[in-house]
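Enquirer: One structure is given below, represented as structure tokens, and several questions about it will come after.
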Amino acid sequence: MKQGKLLIFARDPVPGQAKTRLIPALGEKAAATLHARLTRRTLASACSVEGFCVNLYCTPDSKTPFFRQCREDFPLDLHLQQGADLGQRMQQAFLSALKDTDRAILIGTDCPELTAEDLRQARAILEQHDCVLGPAHDGGYYLLGLKQAAPQLFCDIPWGGNQVAQLTRARIRELGWTCQELRLLHDLDREEDLLRFRQIRTLKSLFPDPR
């Protein structure tokens, strides 16, 4: 298999600016700490998979202490997310990555259930198909893998809503691409997600005490 690129989108874990939907339940500091731990958990999984060049796409700045520490601790390259909205930022990341590789996979840091084995499976799927999609229970997706960066997949999508995966599937069909999906997973975005993940013994270390 050729080496592909794994693109990871992450926000700097600044209190009050990270995991804002969890602030009412956790407080600003604990929500930011949770986001930092989720990011490092994702990086550890990603960097354990052979055959990927890992690229961390940062916002709002790639030169913060947290991201510099991530680069020291993990074999990855740092990039700044570019674009006016999430769709534009994702498209630009794919366009940049696919200039010098024939496949790229993009993930966020909000899915504690995502494992290295899921990433290996996604990479294998791209050997046989045009794209791979990892659907989330909230109607979005936690992973998208492509061989081409078609703008239809990123324009006029209501990001954060419950129709994202459905609309993306429709656009993929319109393109005439073959696609295989990974297992359905939960993101950790909302207060109702906290109870579910706190009950999973192997994930308890993620959660700081509320402040």
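The values are calculated or read from the model by the stated rules, or taken from the named source; none is laboratory data. What you see is a predicted model; the values in this text were computed from it and never measured. Here the Cβ positions follow ideal geometry from the backbone for every residue, glycine too, while neighbour counts run over all protein chains shown. Keep in mind that these areas ignore ligands, DNA and RNA; they rest on the heavy atoms of the full protein, side chains included. Shrake-Rupley method; radii C 1.70, N 1.55, O 1.52, S 1.80 Å.
Enquirer: Quick one: how many residues across segment 66-110 are assigned to a helix (DSSP H, G or I), open to solvent by less than 60 Å² (accessible area, probe 1.4 Å) and among the charged types (D, E, K, R)?
Expert: The number of residues fulfilling the criteria is 1.
Enquirer: Residues of segment 26-48 being open to solvent by 10 Å² or more (accessible area, probe 1.4 Å), more than 25 Å from GLY16 (Cα to Cα) and touching a strand residue (DSSP E or B) at 6+ places or on another chain (Cβ under 9 Å), which ones?
Expert: CYS47
Enquirer: Separate question: Taking the condition closer than 24 Å to PHE52 by Cα, of a type outside the set (Gly, Ala, Ser) and open to solvent by 20 Å² or more (accessible area, probe 1.4 Å), does ARG173 pass?
Expert: Considered against the rule, which asks whether it is closer than 24 Å to PHE52 by Cα, of a type outside the set (Gly, Ala, Ser) and open to solvent by 20 Å² or more (accessible area, probe 1.4 Å), ARG173 comes out as no.
Enquirer: Those residues that are over 24 Å from LEU119 (Cβ atoms), open to solvent by 50 Å² or more (accessible area, probe 1.4 Å) and under 19 Å from the mean Cα position of the chain (by Cα), I need them from segment 176-211; list them, please. Full working, then the answer.
Expert: First, pick out the residues of segment 176-211 that are over 24 Å from LEU119 (Cβ atoms): 176, 190-192, 194-195, 198-199, 208-211.
Next cut, open to solvent by 50 Å² or more (accessible area, probe 1.4 Å) only: 176, 190-192, 195, 198-199, 209-211.
Scanning segment 176-211 gives a single hit, ARG190.
Enquirer: Still on this structure, please answer the following. Just one of THR64, THR59, THR20 is farther than 16 Å from LEU206 by Cβ, free of Cβ contacts under 8 Å to residues at least 40 places away in the same chain and among the polar types (S, T, N, Q); which is it? Don't jump to the end; show me each part of the working.
Expert: Values: THR64 fails: free of Cβ contacts under 8 Å to residues at least 40 places away in the same chain; THR59 fails: free of Cβ contacts under 8 Å to residues at least 40 places away in the same chain.
Selected residue: THR20, the only one of THR64, THR59, THR20 that is farther than 16 Å from LEU206 by Cβ, free of Cβ contacts under 8 Å to residues at least 40 places away in the same chain and among the polar types (S, T, N, Q).
Enquirer: What's the number of the only condition in (1) within 22 Å of ALA10 (Cα to Cα); (2) modelled with pLDDT of 95 or more that GLY160 fails to meet?
Expert: Failed condition: (2).
Enquirer: List the residue pairs whose Cβ atoms are under 6 Å apart, where the first residue sits in segment 24-49 and is among the basic types (Lys, Arg), the second is at pLDDT 95 or above, and the two are 6 or more positions apart or on different chains.
Expert: Here the result reads LYS29/PRO15, each pair linking segment 24-49 to a residue that is at pLDDT 95 or above.
Enquirer: Next up: List the residue pairs whose Cβ atoms are under 6 Å apart, where the first residue sits in segment 165-190 and is without any contact (Cβ under 8 Å) to a residue 40 or more places away in the chain, the second is open to solvent by 70 Å² or more (accessible area, probe 1.4 Å) and not in a loop (DSSP other than H, G, I, E, B), and the two are 6 or more positions apart or on different chains.
Expert: From residues that are without any contact (Cβ under 8 Å) to a residue 40 or more places away in the chain, the pairs are ARG171/GLN152.
Enquirer: Please name all residue pairs, on different chains or six or more residues apart, with Cβ atoms under 9 Å, provided the first residue is in segment 146-162 and is under 13 Å from ARG89 (Cα atoms) and open to solvent by less than 70 Å² (accessible area, probe 1.4 Å) and the second residue is aliphatic (A, V, I, L, M) and assigned to a loop (DSSP other than H, G, I, E, B).
Expert: From segment 146-162, the pairs are ALA149/LEU98.
Enquirer: Within the bounds of segment 50-59, is there any residue that is at pLDDT below 95 and of a type in the set (Asp, Glu)?
Expert: yes
Enquirer: Could you please find all residues in segment 156-205 being under 17 Å from THR20 (Cα atoms) and either in a loop (DSSP other than H, G, I, E, B) or in contact with a Ser or Thr (Cβ under 9 Å, 6 or more places away or on another chain) (or both)?
Expert: TRP159, GLY160, GLY161, ASP187, LEU188, ASP189, ARG190
Enquirer: When segment 13-25 is examined, which residues are found to be part of a loop (DSSP other than H, G, I, E, B) and open to solvent by less than 20 Å² (accessible area, probe 1.4 Å)?
Expert: If the condition is that a residue be part of a loop (DSSP other than H, G, I, E, B) and open to solvent by less than 20 Å² (accessible area, probe 1.4 Å), then ALA18 is the only one that fits.
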